[in-house]
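Have a look at the structure below, then the notes.
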Amino acid sequence: MKLSLTARPLETRTQDAWIVFVQNKKPLLSGSPELSRQISARIKKTGFSGDYAQTAVFPNIGKSGNIVLAGLGDSNHFRMEYLERAASAAVRAGKNIGLKNFATVTEAGIGKVSETSFVRAVARGTAWGTYSFDTFKTGKKKREAFSLTFAGPCENAAACRNALSEAELESRALISTADLANLPGNEATPQKVATWAQKMAKETGLTYSALNKAELKKKKCNAILAVAAGSAQDAKIITLKYKGTNPKAKPVVIIGKTITFDSGGISLKPGKGMSWMLYDKCGGMAVLAALQMVALLKPETPVIGMLAVAENMPGGNAARPGDIIKAHNGKTIEILNTDAEGRMVLADALSLAQQHKPAAIVDLATLTGACIVALGHTAAAIIGNDSKLNATLIKAGDAAGERFWELPLWPEHMDDMKGTFADLQNIGKSGTAGTITGAAFLANFVPEGTPWAHMDIAGTAWEESSKPWTDPGATLFGARTLVEWIKGMK
Ligand code: BES
Ligand code: ZN
Ligand code: ZN
């Protein structure tokens, strides 16, 4: 997606189509009363709902000939993701009828949305709208070139240009990582993820290192080793470092669950829907996308990304229910269910994070089906040991167009994870509050005194069916929030 900015008004543009946002059923075109009037009349005539991410193409209005309307719903319920998704949906609707070059306004006057947030969200949304995962489609066409011009004066042109170039870098990182995240388990092996991360690090100036099986053994990372034991693929813990422009600042560590395929292991999952577990690497994928964005945007704060990578398979060497192992921090764990593997790989990674003396740790994981029961596909759960950190991340999520809902972590939940024959067990005794007890398990491996937040992205990491704003596949949920959070640190 080629993005550009011009001070000349929308009415002067001759692109294939103008994208016009619609809120409360009204076109957001305050600078163009005549055009507004024409569009409003057509909205009335056609009965276009204007619901969020709904689109309509109106031919034969204005100089361009085509207007793609993109609904934002009602102003009372506005959220940033609606804007990003509406922009995406508009481009997808246009693309379907062969439109490639779009223009839109620089500022739509949506409530409290600043000019730069508007430009960033729309640019990112339209770029995502052009993406589809076609790596395995034979006879596919070359990826087509699309463009979007923001037309009209900006209050602060330099800030607008900056937001646009940042959005361009962010989109590049999101889309290239999506191509990895969407690969199935036979393609995206732990080794392939490592090679990909190493190449990306080299291209963007990050430092790459990885612990292989022998090194993990030496460091007594037996929790992640137990997960990989049934697989022909070795586990890895990958670390990517961004130095930051403030050498005095302590780093933040972000850790991603990266299970390249989760069969459940000996506690085998039912067959129905098991193929979705190729997306069980999406915590790690969000970390990769975030680090790539950070490397390009160069914020002050140093950032360390860690990926706990393994494949969870049944096999002759696989961990059995009842097995007891000792994790990196010395705590012993009864593995009562081999399908609760995400927390095992994260346990060692969290404990290894201590060496970086982090200011904060955030982990992202497609950790529990229970998270989908609780929150559906609308929001991720956030749970941690520091309510201020949670609040900051939720706020960053609101600005970045990703919704989080905080769940509690109480002593009762910690008790639920205590083992009968070992310090801990990897599933709760009560069988309740699955998302919280998953986090309670993780809390045992967080370095003492470190602010920590856990994001359960099980319901938000991928789309199972086509939506107006996206094809099915990985969403990289979490990456946008992490970057928003890191950029906001001083
Ligand atoms: N990867 C799954 C969680 C998951 C399920 C994510 C469905 C997205 C969609 C995870 O490893 C898992 O299997 N968790 C178990 C935990 C249980 C055994 C305590 C679950 O959620 O059932
Ligand atoms: Zn599992
Ligand atoms: Zn899993």
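Given a cut-off of 30 Å, name the pairs among 219/388; 199/395; 140/199 whose C-alpha atoms lie farther apart than that in the structure shown.
Pairs exceeding the cut-off: 219/388; 199/395.
Relative contact order, whole percent, for the range 156-235 stands at 23, derived from Cα pairs under 8 Å and 6 or more residues apart. Once a ≥ b ≥ c are taken as the square roots of the eigenvalues of the Cα gyration tensor of the range 412-490, is the result rounded (a/c under 1.5), prolate (a/b larger than b/c) or oblate (a/b not larger than b/c)? Because a/c hits 1.5 or more and a/b fails to exceed b/c, the range 412-490 counts as oblate. By the Cβ distance rule (another cysteine Cβ under 4.7 Å), the unpaired cysteines of the chain are 221, 282, 371.
Holding the Cα-Cα limit at 27 Å, pick out from 220/418; 281/467; 467/487 the pairs that are longer than that. Cα-Cα > 27 Å for 467/487; rest within. Working note: Cα atoms of the chain, range along each principal axis, descending, whole Å: 76, 51, 43.
Compactness check for the range 34-116: Cα Rg over 2.2 N^0.38 Å is 1.08. Modelled label positions at residue 202 and residue 76, each set 7 Å beyond Cα in the direction of Cβ, lie 5.7 nm from each other.
Apply 1/(1 + (r/R0)^6) to the Cβ-Cβ distance of residue 142 and residue 388, taking R0 = 51 Å, and write down the FRET efficiency to the nearest 0.05.
The value I calculate is 0.55.
Gain on full extension, evaluated as 0.36 nm per residue between residue 337 and residue 159 minus their Cα-Cα distance, stands at 58.9 nm. Based on the convex hull around the alpha carbon atoms, the range 56-182 presents an average projected area of 8.9 nm². Which whole-number percent gives the relative contact order of the chain, counting Cα pairs below 8 Å spaced six or more residues apart? Relative contact order here is 15 percent.
Cross-link check: pairs 243/357; 357/490; 217/272 evaluated at a Cα-Cα cut-off of 23 Å; pairs beyond the cut-off: 217/272. The share of C-alpha pairs in the range 108-198 whose separation exceeds 17 Å stands at 60 percent. Among 368, 135, the order by Cβ neighbours within 10 angstrom, fewest to most, reads 135, 368.
Compute the FRET efficiency between residue 30 and residue 134 as 1/(1 + (r/R0)^6), taking r as their Cβ-Cβ distance and R0 = 35 Å, and round to the nearest 0.05.
The value I calculate is 0.35.
Axis of helix 342-352 versus longest Cα principal axis of the chain: the two differ by about 80°, to the nearest ten degrees. The mean of 1/r over all pairs of different alpha-carbon atoms in the range 255-413, once inverted, gives a Kirkwood hydrodynamic radius of 17.2 Å. With each label modelled as a point 7 angstrom along the Cα→C-beta vector, the residue 186-residue 61 pair spans 4.9 nm. Once the Cβ-Cβ distance between residue 112 and residue 250 is put in as r, and R0 is 35 Å, what FRET efficiency do you end up with, to the nearest 0.05? The calculated FRET efficiency here is 0.65.
How large is the direction-averaged shadow of the alpha-carbon convex hull of the range 331-469, in nm²? Mean orientational projected area (the range 331-469, Cα hull): 8.9 nm².
Students often forget the sequence filter, so: which aspartates and glutamates lie under 17 Å Cα-Cα from residue 95 once same-chain residues fewer than 8 apart are removed? Straight-line reach from residue 95, under 17 Å: 16, 84, 134, 144, 471.
Rank the residues 332, 239 as a footprinting-exposure proxy: fewest other Cβ atoms within 10 Å of their Cβ go first.
332, 239
Label reach from residue 418 (point 7 Å along Cα→C-beta): in the range 439-467, no amide nitrogen lies under 13 Å. So what's the range 201-287 giving for Rg/Rh, alpha carbon basis, Kirkwood Rh from the mean inverse pair distance? Reported Rg/Rh (Cα atoms, Kirkwood Rh): 1.05.
Calculate, in nm to one decimal, what residue 448 and residue 320 gain on full extension: separation in residues at 0.36 nm each, minus their alpha carbon distance.
43.0 nm
The aspartates and glutamates whose alpha-carbon is closer than 19 Å to the alpha-carbon of residue 202, local same-chain residues fewer than 8 away aside, are 170, 179. Taking Cα centre as origin and charging only the Cβ of basic (Lys, Arg, +1) and acidic (Asp, Glu, -1) residues, the dipole magnitude of the range 303-430 rounds to 200 debye. Counting 0.36 nm for each residue step from residue 300 to residue 40 and taking away their Cα separation leaves a gain of 89.0 nm. Among 394, 67, sorting on how many other beta-carbon atoms sit within 10 Å of each Cβ, with the fewest leading, yields 394, 67.
Only the coordinates and a few stated rules stand behind these numbers; no lab work does. Note that this is a predicted model, so its numbers are computed, not measured. Because the Cβ atoms are built from the backbone with ideal geometry, glycine has one as well, and the counts that use them run over all protein chains shown.
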